[in-house]
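Data first, discussion second: the structure below is written as structure tokens.
The values are calculated or read from the model by the stated rules, or taken from the named source; none is laboratory data. Since the structure is predicted, the reported quantities are computational estimates derived from the model, not experimental observations. Don't worry about glycine lacking a Cβ; one is built from the backbone with ideal geometry, like all the others, and counts go over all protein chains shown. When the accessible area is computed, the model is the full protein with side chains, heavy atoms only, and any ligands, DNA or RNA have been set aside. Shrake-Rupley method; radii C 1.70, N 1.55, O 1.52, S 1.80 Å.
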Amino acid sequence: MFLSVLSAAGTDPDPTPTPTREPVTLDDAQESATNAASWVEENWSTWLAIGLRILLIVVIAMVLRVIVRRAITKLIERMNRTAQAVDGTALGGLLVNVERRRQRSHAIGSVLRSVASFLILGTAALMILGTFQINLAPLLASAGVAGVAIGFGARNLVTDFLSGVFMILEDQYGVGDSIDAGVASGEVIEVGLRVTKLRGDDGEIWYVRNGEVKRIGNLSQGWSTAGVDVTVRPDEDLDKIKRVLGEVGERLGKDEPWNEQLWGPVEVLGLDSVLLDQMVVRVSAKTMPGKSLGVERELRWRIKRAFDAEGIRLVGGLPMLPDGGVAQAPDPTAGMAAPSAYASSTSPQSLAASPITPPPNLSK
């Protein structure tokens, strides 16, 4: 009895029967292959149409991008050839500075090529996504929100870039121009989309952000005015002064290289001021932009030599004496008092003027 119980406990058969896997027959494999083939046969035309559409979009976008970029490059090269054709002439040096035109055309070409590539490739990407039946509305909304966030975060950079683009397109200034940008002034040595480089009068280089420029004074566009004030004695002959100044201006307009820098005759405008000891005659001339300082220096040089030859005396600074001489500058120490002996505490005068100290009280 006991042995039968132990044998029954040792066997412990599994109450759940194990499922038996049915063998895959040839008919089942043939049916699966037939279903896959029918599915491919039903959808291959759709796949082929989508693939051909994507390929066509990519090919058209790349060809259009190459054509547009080449057209922009040809336009920039033509602008540079036009600038080089007039280089070396007076008109070319004035209006068509080669380096200025080269940098300006390079910047404009870079902006146009970047914008064209962005528009063409962006449109092609959206068309490809639309081919896959993807809803573009959430994507465009997310891109708009991201663009607004980036714009707020980099608003200074965007402001500088947009200001630089409009400055270049409007040709407000260029390389070689002397400008006053408010925050700095000098000669433009490089124009960028974000920063403009200026060379100051003392040789320093200013990096001015385009977005910080609120107003620009261009001293190199149009024409400049050279003005010279000639100060003479009040008893000089005005007709003689006018004749000498006219001869100086006439000779200056015929000599090289001043005849190209002068855009009009040197004019004697007349008396600018009349004082008891002097009178001022103003001379003016219209010059090429940026050449007024050189013309003014040459005018002063020639006027001084011509007046010395004609015996006309120039005055200024110190008043004239009745006999024709020039008054001497007053001595700055004339109104100062002599040093006092009482200023020193050890001098005999200070000791004599000091109160006598009373003797000590000996009664105590």
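Name the single residue, out of those in the stretch 204-223 being part of a loop (DSSP other than H, G, I, E, B) and of a type in the set (A, V, I, L, M), that is most open to solvent (accessible area, probe 1.4 Å). Give the derivation first.
Initially, the stretch 204-223 is screened for residues part of a loop (DSSP other than H, G, I, E, B), giving 204, 213-216, 219-223.
This time we only want the ones that are of a type in the set (A, V, I, L, M), so: 213, 216, 219.
Values: Val213: 24, Ile216: 54, Leu219: 107 Å².
Filtering the stretch 204-223 for residues that are part of a loop (DSSP other than H, G, I, E, B) and of a type in the set (A, V, I, L, M), the one most open to solvent (accessible area, probe 1.4 Å) comes out as Leu219.
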query: Quick check, is Glu250 part of a helix (DSSP H, G or I) and within 32 Å of the chain's Cα centre (by Cα)?
result: no
- request: Could you please let me know if Asp201 is loosely packed, with under 12 Cβ neighbours inside 10 Å, in contact with a Gly (Cβ under 7 Å, 6 or more places away or on another chain) and within 30 Å of Gln221 (Cβ to Cβ)?
  value: yes
query: In the stretch 278-318, which residue that is more than 15 Å from Thr231 (Cβ to Cβ) and assigned to a loop (DSSP other than H, G, I, E, B) is most open to solvent (accessible area, probe 1.4 Å)?
result: Lys291
- prompt: All but one of (1) within 36 Å of the chain's Cα centre (by Cα); (2) closer than 18 Å to Val244 by Cβ; (3) among the β-branched types (Val, Ile, Thr); (4) modelled with pLDDT under 90 hold for Val283; which doesn't?
  reply: (4)
message: Looking at Ile128 and the list (1) at pLDDT 75 or above; (2) more than 30 Å from Met288 (Cβ to Cβ); (3) out of contact with any helix residue (DSSP H, G or I) (no Cβ under 8 Å at 6 or more places or on another chain), which single condition is not satisfied?
response: (3)
field: Count - residues of the stretch 224-266 that are farther than 18 Å from Lys286 by Cα and open to solvent by less than 20 Å² (accessible area, probe 1.4 Å)
entry: 3
- request: Kindly list, by first and then second residue, each pair from a residue in the stretch 234-260 that is without any contact (Cβ under 8 Å) to a residue 12 or more places away in the chain to a residue that is surrounded by 14 or more Cβ atoms within 10 Å (Cβ to Cβ), limited to pairs with Cβ atoms under 7 Å and residues at least 6 apart or on different chains.
  value: Asn259/Gly253
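Could you run through the stretch 113-141 and say how many residues are of a type in the set (A, V, I, L, M), closer than 24 Å to Val165 by Cβ and open to solvent by 60 Å² or more (accessible area, probe 1.4 Å)?
3
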- prompt: With respect to Ile303, is the statement that it is at pLDDT 85 or above and closer than 30 Å to Asp177 by Cβ true?
  reply: yes
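Is at least one residue of the stretch 234-247 in a helix (DSSP H, G or I), among the hydrophobic types (A, V, I, L, M, F, W, C) and in contact with a helix residue (DSSP H, G or I) (Cβ under 6 Å, 6 or more places away or on another chain)? Show your work before the answer.
Kept after step one, since they are in a helix (DSSP H, G or I), are these residues of the stretch 234-247: 238-247.
Still in the running and among the hydrophobic types (A, V, I, L, M, F, W, C): 238, 241, 244-245.
Those still in the list that are in contact with a helix residue (DSSP H, G or I) (Cβ under 6 Å, 6 or more places away or on another chain) too: 244.
Yes, the stretch 234-247 contains at least one residue that is in a helix (DSSP H, G or I), among the hydrophobic types (A, V, I, L, M, F, W, C) and in contact with a helix residue (DSSP H, G or I) (Cβ under 6 Å, 6 or more places away or on another chain).
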